[in-house]
Amino acid sequence: MSAVANGFAALDGIEILAVDGLLAVSALGLLLVDVAMPAGNKRVIGYGALLLLGLAFAATFTLDLTGTALSGAYVGDGFAIWCKRIFIGAGFFGVLGGLDSTARIGPRRQGEYYQLLLMSVLGMTLLAGARDLILLMVSFELMSLPLYAMAAWGGIGNYPEQKGPIPGMTMPSKRRWHRPAEAGLKLYLVGAVSTVVALYGISLVFGLGGSTRFAVLATTLTGGPLLTLAVAMIVAGFAFKIGAAPFHMWVPDTYEGASTPFVAFLSVAPKAAGFAALVQLLLGPLAGMAATWTTLVVVLIVVSLLVGNLMAVPQQNIKRMLGFSGVAQMGFGLMALLAAGSVTAHDVASRGVRPEGLATLLFFLAAYMVANMGAFFTVEAVAAAGYTPGKPADERDDDDTLPTFAGLHSRSPALALAGLLFVLSLGGIPFAVGFWAKVWVLLSLWAAGFGWLVVMAAALSAAGLFYYLQVARSMYMKAPVGADGTTLPAVKVGGGLLLAIVLLALLTMGVGLFPGPVMEAARIAAGL
Amino acid sequence: MTQQWLPAFAYLAIAASASAIMIIAGLILRVKAKVDEPSKYDTYECGEEPDGNTWIRFHPRYYVVALVFVLFDAEAAFVLPWALNLRELGQFAILEMFLFLAVLMVGWLYAVRKGAIQWQ
C-alpha cells in the first residue's frame, strides 16, 4: 500500500527513462504529424524518425541513465544502456536503409511504418532494464506486436489487377505481392505461441515466488519440479523469439517473405532483446536454477549450431541462407549466455577465471548487429538495383537468389567489397568484427569449462565458412551473367541505403581492426 | 507441499464435476424428439428461417468499428476503478490518468482522421 499512499514517490528516478520517454513521444508525435499531413508521399516522416532515433542514440551517451526507477521495477545499469544502444542503433539503421523500400512498398503508409518501428524500439529499450516480470512481459509484447504488422507490410489486400498499378509504385509480381502476408502470419503465429509458453512459465515463477519483483524472487524461489518446468517453458518461449533451433522454423520463411530492410532490423534487434530478457531472467531470479537451464541451453546450442550451419549450405535464396546462418549465430550468443551462467564464484576464487560471459554476449550482439544488417542491406541493394531485364513481371521473384550476385565485383566493386566484409565478419574471418566476437565467446566458454562445446563450435564455424564464401565466390569469381545468359546490369546504390551500408562497413572494419576499446566498454557495461 | 495445493486440487475437482454433472443432467432431463425432424439441423431451432448460409463476407468497416470500440472499452476498464479510488490515490493519479487518456486520444484522433467512423 505504500506505493498507493505516496503516488509521486513512484516517479523517483524517472529521469533514467528519458530515452524511452523520447521514443514514446516520438512515436506518438510522428503519428500525429502523419494524420496532420496532406495525403501523398510521406517520406519526410522517415527523416523525422531517423532524426529522433539519432537523438535518442546520442542521449544514451550524454545523459546519465544509471539508477533505479518505478519503485525498483526498472534498473538502469551498464547492461541496460549497452542494450539500448544496440536497439536504437538497429532501429536507426533499419530506418536509414529502408527509406527507399518503405516509400516504394507503400508511399501513403510510411507514417504508420515508422511509428510501429519506434514503438517496437521503445518496447526493447524498456525491456533492457526491466526488473519486474510484468514490466518484462509487457515491454516484450510492445516490441513484438509491431513486428507482426511490419513483417506483413505490403502483403495485405488484393492484387490490383483490374484497376492498374498504383501511381508512384513499382509493381511486384502477384506471387511476391502476397508473400509478406505469409511472412507476417508465420511470425505472428509463432510469436503468439511462444509468448503464451513463456508467459505460462513466468506465471509459474510468480506463483512459486510470490512476487513479480526480481529482487524478491531471487530470495523466495527455492527449486522443485514445478520451477524446473517453469524454467523449461521460459527458455523454450524465448528460444522461439531468438530463433534458436529447434524453435527456428519461422526464421527462413519470414526472412524470405518480408521486405529486406525490415528483415535487417528483425534479424538483429528482437534477437538482442530476446537475449536481454533471457539474461534478466536466467542470470537474475533464476540464477539458482543454473543447473537446469544450462542443460537446456547446451541442447539449444548444439542443435542450433548443427541445424544452422548445415541447413544454410543448400539454400539458394540468400535471405534464407542468412536466416539459417542467423540460427547458427544464435548458438554463439547462447554460448556467451552459458559462459555467463556457468562461471561460479568458486571458479573465480579458485581458478582465477574472469566471469566475462556477459561482456562477450554484449560484444557479440553488437558485432552481429553491424555485420548482419550490412549483409541484408547488401542483398537489398542488389535486389532493388535491377530485376533481371527482359523477364516478364510475373517471374521477377528470383531477385534475392545467389545467381543475382554473380560477378557483383565487376558490376559494383565497392558494394561487392562491403558485402564481402559483412559475410567474412559473419563467418568469423580475422580482422572483421565478427572474428573477435566469436573468439571471445569461445575463450570465455573455454574458461567456463565447456571444452568439447568450444571444439564443436569451432569445427562447425569452419564448415559454416563454406556457405559464406559461396557468396564471395559468386561475387568475385563468376562472370556477371544471369541464369538465362543475359548480362546482369550494373548496381547503383544511392540515398539512405548507401549511407547505411557505408556506415556499417566502416563499423565492421573499424571495430575489427581496433577491437580493444569496444571490448573494454563491453567489460565495463557488464560490470567487470 | 500437499497441504498448500489442497485448494487448487479442490478447485479442479469442483470444475471437473460441475461440467460432468451438467452433461449427465442434460442427458437425463432433456426432451428427446421421437422422429428425426429436419428442422433440428437448422441454424436456429426457434422457428426463424435462416436466410442464406453463414459463409458470407462482412464489410471490413465492422472490423474497424470493433477496433475503435476496444479503444474505449480499455479506457473504461481503467477509468472506472481509478474513479473509485481517486480520493486515496491523490494528485499523482490524476496526472497519470490524463497521460493515459492523452495517449488514447492520439489513437482516437488517428482513427478519425483515417476515416474509421465514416459510414458510407
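The values are calculated or read from the model by the stated rules, or taken from the named source; none is laboratory data. This one's a predicted model, so the numbers in the text were calculated from it and none came from an experiment. Virtual Cβ from ideal backbone geometry, glycine too; neighbours counted across all protein chains shown.
What the table shows:
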| read-out | value |
| --- | --- |
| Condition check for B:Glu48: away from chain A (no Cβ under 14 Å) and not in a helix (DSSP H, G or I) | yes |
| Given (1) loosely packed, with under 10 Cβ neighbours inside 10 Å; (2) modelled with pLDDT under 80, index of the condition B:Ser39 fails | (1) |
| Some residue of region A:220-232 being out of contact with any Gly (no Cβ under 9 Å at 6 or more places or on another chain) and within 26 Å of A:Leu70 (Cα to Cα) | no |
| Condition met for B:Ile56 (over 25 Å from A:Ser26 (Cβ atoms) and away from every other protein chain (no Cβ under 11 Å)) | yes |
| Test result for B:Gly90, within 20 Å of A:Leu28 (Cα to Cα), within 11 Å of another protein chain (Cβ to nearest Cβ) and out of contact with any Ser or Thr (no Cβ under 7 Å at 6 or more places or on another chain) | no |
| Only listed residue being touching a residue at least 40 places away in the same chain (Cβ under 8 Å), closer than 23 Å to A:Val327 by Cβ and surrounded by fewer than 24 Cβ atoms within 10 Å (Cβ to Cβ), chosen from A:Leu453, A:Leu421 | A:Leu453 |
| Residue identified as at pLDDT below 90, crowded, with 16+ Cβ neighbours inside 10 Å and of a type in the set (Ser, Thr, Tyr) among A:Ser2, A:Ser101 | A:Ser101 |
| Residues located in region B:26-55, provided they are of a type in the set (Asp, Glu) and under 26 Å from the mean Cα position of the chain (by Cα) | B:Asp42, B:Glu45, B:Glu48 |
| Residues located in region A:38-50, provided they are within 14 Å of chain B (Cβ to nearest Cβ) and exposed (fewer than 14 other Cβ atoms within 10 Å of the Cβ) | A:Pro38, A:Ala39 |
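Conditions tested, residue by residue: (1) within 14 Å of chain A (Cβ to nearest Cβ); (2) under 30 Å from A:Ala9 (Cα atoms); (3) at pLDDT 85 or above.
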residue: B:Tyr63; (1), (2), (3): yes, no, no
residue: B:Leu67; (1), (2), (3): yes, no, no
residue: B:Pro81; (1), (2), (3): yes, yes, yes
residue: B:Leu84; (1), (2), (3): yes, yes, yes
residue: B:Ile94; (1), (2), (3): yes, yes, yes
residue: B:Trp108; (1), (2), (3): yes, no, yes
residue: B:Lys114; (1), (2), (3): yes, no, no
